[in-house]
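**Student:** My questions all concern the structure below.
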Amino acid sequence: MSSLVGTGSQVNRAASHSSSSCFSRKRFQRGAGTRVHRRERETLSSSPTVMCQSVSETTTTAATSTATTSAAAPSQKSNEALKKENETLRRIISSMLKKVDKQTLAEVKQELLSIATATAESLDSATSTTTATTTTTTEAPTTTSTAAFDYASIAMPEPNTEFWKVPLRSVTAAPPDSNASPQDTDRMHVVHITAELAPLAKVGGLGDVVTGLARAVAQRGHIVETILPFYECIDKAQIENLRHECDIDVPKGFQFDGKLSIENVKTSIHRGTISGCEVILIRPESQNSQHIFKGGAIYGGGYNEIEAYLYLCRSALEYLKTYQNSPSIIHLHEWQTSAASMLYWDVYHEEGLLQDARVVLTIHNMDNPGECRAEEFEASGISGETYMDIDKAMDERTIGHNPERMSLLKGGIIYSNAVTTVSPSYARETLEGGAAGWLGTILAANREKYHGILNGIDTVLWDPARDANLPCDFTEETCIEAKAALKKYVQTGLGLEVNPDKPLIICVSRLVPQKGLHLIRHAIDRTAEWGGQFVLLGSGHGGGDFQGLAEGEYKDHPDIRLLIMYNETLSHLLFAASDITLVPSLFEPCGLTQMCAMRYGSLPLVRRTGGLADTVVDVDSKEGGNAGSDQLFGNGYVFDGVSEGELDGALRRALDAFKGRRGWWSSMQQKVMGLDWSWSQPAAGYVDVYRAARK
């Protein structure tokens, strides 16, 4: 039985189906950060591995098999250290915000509320063991290219042009191979409810995760559908077989003469397919609700987001009640859809509807708790006073305020049968290290149903062997020759000095304080000073300072390019051309950048936090082997703390290794390309969570 906060009958009913007793250590014994080389998967002697960890477990063991070599666990920070780090970085972020104008401050305030990071001082107090390991073959990959393609024949772009906008070639992406996924015999019907889905409605990583997970679980033989808003701004041409399925009436509340009144909103339901995922799109048609989901962007349109996403939650459940048998799992994402768990148990299930479903909530980032006033919640058709209870959804920070408010995310945590987040380390940071802020106490009370499962990446979209964004394909076997040619291609196009002996460092990032802007700035200076090349690709609230550098100190610099923008094609080119990818985030729930980098043979240089700690093991650490030897257990460079000095140490080591041990470096590039960052293992973890939630 989960330790749930709440005493209501519906909450206790959810608790009775909790996943707490269903997870054994054996199921997760490979540890939090284990990844298997693609060529090992068919030879593993154990059962399929699961990239999942229940944070109710107090220890983690890294299992070994006859076909793999698992790294030992590096040092991990204690709970007190994490809390101290969190306090330190709150002060850092606060000082950054003092330099921001009021409008920008309002925009980023919510983004910066939850920070889980490390400092050099707190590292000294670390005593516990880590959950991060990396697994690969024990033999170094061959450095001999077997490519038939003549990489020397690649036509170079004109220098200092927007060469990434020139179509290169047409490539047919390899379709996902459903036969490659294990087929589960206990077929479930899973329905995602989400605000984003890539590539149709994507703002950040949420859209990528929902698409990747939905597709991977479907490939295991389950029925998977995704419900999302039919935003006015989406490109309908991206939806295959788009069709109108039906119209339904959705209860929606509003205040009239000081009382809650209910009206039925005519709602149109559309179906189609996006990136291999079956989708259900919801759009209000009644005149007084047609403003919802209107505007030129996914978020920030001309509508109240609380009203819009409460309507999404109610309409999704109403559709499931009316036109489908009860699904096995209703999978919710972020605060936007958290209210669906509350409505499911207190309205639909209580009335004998949708009896078989269990609810799973995934928290992708804790920075927005979904604050909501009681009268705002009435848009769901239910009085908000129902949930203004400390044991339900009330935000205890607002007690005594006018008005008091609830947190939709808190309600989702309490009412869901299982709660997940996007990496084991972030789960621990939010549970014990202060990264969740006040919500940490809610997670602690529900720790037995709280799990960290590492995200994957879309290995169809991010496939160097079939990437139309590149002038050529490459694989592990052709990596060395191909990356040399691609490095020359990018150096030429960006107007950098064409020099294969200069390490090319890239940073592809949103330019917001969370991403460690002061560390990015410092890395640019140090790279130029130490004889490397640096390319920044990114945009965001902090882009102004970097734009000033681009137009001033580093204008026409032979080794530095600061591109304050984002372009998908250029990001692929940079990963393919680079030697090192910098990810110095102050906090990072999971992070996909480091996985994409490794997929393209670029070694990650990261700050140890969240999912970065779960995916990158330092090559010079006790666990990662020694860069001076031929051991290949590590897969990148890691630093702790938030000071420039800690970054300098890792950057210096990486540059020295590139310049001094080129054969070893090439082997490392091939090795990281072979690591499996697909959705295969995370999907297995989520299927286990689904099964446990239904017991």
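The values are calculated or read from the model by the stated rules, or taken from the named source; none is laboratory data. Quick caveat: nothing in here was measured; it's all calculated off a predicted structure. All Cβ positions, glycine included, derive from the backbone under ideal geometry; neighbour counts span all protein chains shown.
**Student:** Looking for something hydrophobic (A, V, I, L, M, F, W, C) and part of a strand (DSSP E or B) - is there at least one such residue anywhere in the range 341-359?
**Tutor:** Yes, some residue in the range 341-359 is hydrophobic (A, V, I, L, M, F, W, C) and part of a strand (DSSP E or B).
**Student:** Something else now. Anything in the range 313-340 that is in contact with a Cys (Cβ under 7 Å, 6 or more places away or on another chain) and either of a type in the set (D, E, K, R) or at pLDDT below 95 (or both)? List them, or say none.
**Tutor:** The answer is Tyr323, and nothing else.
**Student:** Further, regarding this structure: Please state which one of Ala201, Ala216, Ala237 is in contact with a helix residue (DSSP H, G or I) (Cβ under 7 Å, 6 or more places away or on another chain) and at pLDDT below 95.
**Tutor:** The conditions single out Ala201.
**Student:** Just to be sure I understand, how many residues within the range 377-398 are in contact (Cβ under 8 Å) with a residue 24 or more places away in the chain, assigned to a helix (DSSP H, G or I) and not hydroxyl-bearing (Ser, Thr, Tyr)?
**Tutor:** Residues that pass the stated criteria total 5.
**Student:** Do any residues in the range 336-349 that are more than 19 Å from Glu385 (Cβ to Cβ) have Cβ atoms under 6 Å from those of residues that are of a type in the set (Phe, Trp, Tyr), where the two are at least six apart or on different chains, and which pairs are they?
**Tutor:** Gln336/Tyr309
**Student:** Also, I was wondering about something else. When only residues in the range 521-559 that are touching a residue at least 40 places away in the same chain (Cβ under 8 Å) and touching a strand residue (DSSP E or B) at 6+ places or on another chain (Cβ under 8 Å) count, which is farthest from Glu497 (Cα to Cα)?
**Tutor:** Of everything passing the filter in the range 521-559, Ala523 is farthest from Glu497 (Cα to Cα).
**Student:** Is it the case that some residue within the range 608-622 is crowded, with 24+ Cβ neighbours inside 10 Å, hydroxyl-bearing (Ser, Thr, Tyr) and assigned to a loop (DSSP other than H, G, I, E, B)?
**Tutor:** Yes; the residues of the range 608-622 include at least one that is crowded, with 24+ Cβ neighbours inside 10 Å, hydroxyl-bearing (Ser, Thr, Tyr) and assigned to a loop (DSSP other than H, G, I, E, B).
**Student:** Consider Val347 carefully, then state whether it is aliphatic (A, V, I, L, M) and under 29 Å from the mean Cα position of the chain (by Cα).
**Tutor:** No.
**Student:** Do you know which residues across the range 150-166 are touching a residue at least 40 places away in the same chain (Cβ under 8 Å) and surrounded by 11 or more Cβ atoms within 10 Å (Cβ to Cβ)?
**Tutor:** Result: Tyr151, Ile154, Met156, Pro157, Glu158, Pro159, Asn160, Thr161, Phe163, Trp164.
**Student:** Kindly establish whether Gly601 is within 29 Å of His364 (Cβ to Cβ) and surrounded by 24 or more Cβ atoms within 10 Å (Cβ to Cβ).
**Tutor:** Against the criterion (within 29 Å of His364 (Cβ to Cβ) and surrounded by 24 or more Cβ atoms within 10 Å (Cβ to Cβ)), Gly601 qualifies.
**Student:** From Val171, Val217, grab the single residue that is among the β-branched types (Val, Ile, Thr), outside any strand (DSSP E or B) and more than 14 Å from Glu278 (Cα to Cα).
**Tutor:** Only one candidate qualifies: Val171.
**Student:** Of the residues His541, His557, His518, which single one is surrounded by fewer than 24 Cβ atoms within 10 Å (Cβ to Cβ), at pLDDT below 95 and over 22 Å from Thr459 (Cα atoms)?
**Tutor:** After applying the criteria, what remains is His541.
**Student:** What do you reckon, is Gly253 among the small types (Gly, Ala, Ser), part of a strand (DSSP E or B) and modelled with pLDDT of 95 or more?
**Tutor:** no
**Student:** With the checklist (1) touching an Asp or Glu at 6+ places or on another chain (Cβ under 6 Å); (2) of a type outside the set (A, V, I, L, M, F, W, C); (3) touching a residue at least 60 places away in the same chain (Cβ under 8 Å) in hand, flag the one item Lys266 doesn't pass.
**Tutor:** Checking Lys266 against (1) touching an Asp or Glu at 6+ places or on another chain (Cβ under 6 Å); (2) of a type outside the set (A, V, I, L, M, F, W, C); (3) touching a residue at least 60 places away in the same chain (Cβ under 8 Å), the one that fails is (3).
**Student:** Would you mind finding the one in Leu562, Leu486, Leu573 that is in contact with a strand residue (DSSP E or B) (Cβ under 7 Å, 6 or more places away or on another chain) and modelled with pLDDT of 95 or more?
**Tutor:** The match here is Leu562.
**Student:** Continuing with this model, one more query. Which one is surrounded by the most Cβ atoms within 10 Å (Cβ to Cβ), of the residues in the range 640-652 that are touching a helix residue (DSSP H, G or I) at 6+ places or on another chain (Cβ under 7 Å) and assigned to a helix (DSSP H, G or I)?
**Tutor:** Within the range 640-652, the match that is surrounded by the most Cβ atoms within 10 Å (Cβ to Cβ) is Leu651.
**Student:** What residue, among those in the range 274-292 that are part of a loop (DSSP other than H, G, I, E, B) and in contact (Cβ under 8 Å) with a residue 12 or more places away in the chain, is surrounded by the most Cβ atoms within 10 Å (Cβ to Cβ)?
**Tutor:** Applying the filter and picking the extreme gives Ile292.
**Student:** Take the residues of the range 533-591 that are of a type in the set (A, V, I, L, M) and in a helix (DSSP H, G or I): which is nearest to Ile506 (Cα to Cα)?
**Tutor:** The selected residue is Leu574.
**Student:** May I pose another question? Is it true that Tyr637 is more than 30 Å from Pro182 (Cα to Cα), of a type outside the set (D, E, K, R) and either in contact (Cβ under 8 Å) with a residue 24 or more places away in the chain or in a helix (DSSP H, G or I) (or both)?
**Tutor:** The answer is yes for Tyr637.
**Student:** Out of the range 191-212, which residues are touching a strand residue (DSSP E or B) at 6+ places or on another chain (Cβ under 8 Å) and either under 16 Å from Ser315 (Cα atoms) or in a loop (DSSP other than H, G, I, E, B) (or both)?
**Tutor:** Across the range 191-212, the qualifying residues are Val191, His192, Ile193, Thr194, Ala195, Glu196, Pro199, Leu200.
**Student:** So Leu260 ticks every box in (1) part of a strand (DSSP E or B); (2) crowded, with 20+ Cβ neighbours inside 10 Å; (3) in contact with an Asp or Glu (Cβ under 6 Å, 6 or more places away or on another chain) but one. Which box is left unticked?
**Tutor:** The number of the failed condition is (2).
**Student:** Exactly one condition in (1) at pLDDT 95 or above; (2) in contact with a helix residue (DSSP H, G or I) (Cβ under 8 Å, 6 or more places away or on another chain); (3) within 21 Å of Leu200 (Cα to Cα) is false for Leu343; which is it?
**Tutor:** Of (1) at pLDDT 95 or above; (2) in contact with a helix residue (DSSP H, G or I) (Cβ under 8 Å, 6 or more places away or on another chain); (3) within 21 Å of Leu200 (Cα to Cα), only one is false for Leu343: (3).
**Student:** Which residue, of Leu310, Leu242, is buried (at least 20 other Cβ atoms within 10 Å of the Cβ) and modelled with pLDDT of 95 or more?
**Tutor:** Exactly one residue qualifies, and that residue is Leu310.
**Student:** If you scan the range 288-327, which residues turn out to be polar (S, T, N, Q) and farther than 26 Å from Gln255 by Cβ?
**Tutor:** Thr322, Gln324, Asn325, Ser326
**Student:** Another question, if that's okay. Among the residues of the range 522-542, are any touching a helix residue (DSSP H, G or I) at 6+ places or on another chain (Cβ under 6 Å), more than 16 Å from Ile580 (Cβ to Cβ) and not small (Gly, Ala, Ser)?
**Tutor:** yes
**Student:** Separate question: Quick check on the range 653-695: of everything there that is in a loop (DSSP other than H, G, I, E, B) and in contact with a Lys or Arg (Cβ under 8 Å, 6 or more places away or on another chain), which residue is surrounded by the fewest Cβ atoms within 10 Å (Cβ to Cβ)?
**Tutor:** Checked the range 653-695; the qualifying residue surrounded by the fewest Cβ atoms within 10 Å (Cβ to Cβ) is Arg694.
**Student:** Looking only at the range 307-319, decide whether some residue is in contact with a helix residue (DSSP H, G or I) (Cβ under 6 Å, 6 or more places away or on another chain) and of a type in the set (Lys, Arg).
**Tutor:** Yes, some residue in the range 307-319 is in contact with a helix residue (DSSP H, G or I) (Cβ under 6 Å, 6 or more places away or on another chain) and of a type in the set (Lys, Arg).
**Student:** Which residue, of Pro167, Pro176, is at pLDDT below 95 and within 23 Å of the chain's Cα centre (by Cα)?
**Tutor:** Pro176
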